[in-house]
1. Could you look through region 82-106, keep only residues that are under 16 Å from residue 131 (Cβ atoms) and buried (at least 19 other Cβ atoms within 10 Å of the Cβ), and pick out the one that is modelled with the highest pLDDT?
2. In the list 321, 317, which residue meets the criterion of being part of a helix (DSSP H, G or I) and not assigned by TED's automatic domain parsing to the domain that holds residue 206?
3. So, residue 162, is that one in a loop (DSSP other than H, G, I, E, B) and farther than 25 Å from residue 278 by Cβ or not?
4. Quick check, is residue 170 farther than 26 Å from residue 260 by Cα, surrounded by 18 or more Cβ atoms within 10 Å (Cβ to Cβ) and out of contact with any helix residue (DSSP H, G or I) (no Cβ under 7 Å at 6 or more places or on another chain)?
5. Evaluate region 237-248: report whether one residue or more is at pLDDT 95 or above, surrounded by 16 or more Cβ atoms within 10 Å (Cβ to Cβ), within 24 Å of residue 118 (Cβ to Cβ) and out of contact with any strand residue (DSSP E or B) (no Cβ under 6 Å at 6 or more places or on another chain).
6. Working only within region 108-142, note down all residues that are closer than 16 Å to residue 219 by Cβ and surrounded by 18 or more Cβ atoms within 10 Å (Cβ to Cβ).
7. Just to be sure I understand, how many residues within region 193-217 are modelled with pLDDT under 95 and under 18 Å from the mean Cα position of the chain (by Cα)?
8. How many of the residues making up region 304-333 are farther than 19 Å from residue 265 by Cβ and surrounded by fewer than 14 Cβ atoms within 10 Å (Cβ to Cβ)?
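The values are calculated or read from the model by the stated rules, or taken from the named source; none is laboratory data. Not measured: the values here are computed from a predicted model. Every residue, glycine as well, gets a Cβ built from its backbone with ideal geometry; the counts of neighbours run over all protein chains shown.
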């Protein structure tokens, strides 16, 4: 099925769409994207842009300009059943629009993987050991395990993590049972070569809550996959099935800081012993020192720094030599002077 979409028009776009159809004697339907929602969903910012979408909603080809031969080749491959596996090599996206479309499709892949993980966990009572365990019972299309920005047959794109032994997969599964994980700790937790990724990520939920990723895609952060001027980013799938963008360190993303503050507030409300059992003031100080100023969180940061200043006056707080530095670093992130009570 061929469908045209008219978008980015000022005023009423319908007359212009009809004029374009009649001028070029088009026989396929042309839909009107009045608010630009379709263009936004597929990351279209240049016109014309061609998208080939398969029956599962996966974008197989995206690019600005008109490439009849490329469209024809992809359609023939889809009709001939030749696009069930990730190709051995992928060309670099031809435009920013294609890169955006790849990111949007990747996010949809991650959402589908999240639903499959949830179904697996409900049936078996535990997380899968590998993403390949989801196929074919919980994830019927293994093409969903391949990011369209991944130019390899399917590799996680994160150094030091072995590839899935059963299927070529583009995504880094952070709940795997592989050893020697990577991540920030803000208190006592499993680390080092003996710890598993799953052990550490489950421990991280104590400090970072639902921002701890289950699956990540690094193929939008790799230099070889970026277009000139593009800002690298990583896509993250949360336990609730939501997808968000971050830098390489999701822990220090501005969107993660509110979750950290909520966890600190919760443990401080439970009492000094709870806070000191779950948190390392030294690690908290290092964490907030590595953050840029966050004016949008200024009031909340000052509030948490003030609560820690109150803790520092107690007998338990006086024995914590790193607590003053933690207070100072939190206040610095708020862009103000050290909290005093």
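1. Of everything passing the filter in region 82-106, 106 is modelled with the highest pLDDT.
2. Values: 321 fails: part of a helix (DSSP H, G or I).
Answer to the selection: 317.
3. yes
4. Numbers: farther than 26 Å from residue 260 by Cα: yes; surrounded by 18 or more Cβ atoms within 10 Å (Cβ to Cβ): yes; out of contact with any helix residue (DSSP H, G or I) (no Cβ under 7 Å at 6 or more places or on another chain): no.
Criteria not met by residue 170.
5. yes
6. Residues satisfying the conditions are 109, 110, 113, 131.
7. 0
8. Looking only at that region, the number is 4.
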